Amino acid sequence: MAIHERGTTVLSNGTGAGWFIAGALIVALIGGALVLALDVFERGDTLSIELEMPRVDVPKVELPEVDVPTLDVPPADLRD
């Protein structure tokens with residue numbers, strides 16, 4: 001009697017990117033349906049966005065007085 005070896009061959013028809021795109025499309029459709037169902041975007045004529053900045057108590061920084069010399073010669077583009 002002969003001994004036969006059995007092997008398994010795996011065939012693949014892609015990299016799985018199609019499943020990723022299909023899953024993303026399903027998630028987008030479910031999200032869009034929820035947005036429409038919950039009426040997230042109100043049907044109004046105006047849009048109001050308010051930002052409130054927190055008050056932070058920061059001490060003022062005093063800058064030292066600096067004596068800046070004056071330039072007696074006009075800049076090159078103003079000379080005759």
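Read-outs: derived from the displayed coordinates by stated rules, not from any lab. Note that the structure is a prediction, hence the values are computed from the model and not measured. As a convention, Cβ positions derive from the backbone with ideal geometry for all residues, glycine included, and neighbour counts pool all protein chains shown.
What is the spin-label model distance, in nm, from ASP39 to PHE20 if the labels are put 7 Å beyond Cα along the C-beta direction?
3.9
Extending each Cα 7 Å along its Cβ direction at GLU50 and ALA76, get the distance between those two points in nm, one decimal.
Distance between label points: 5.6 nm.
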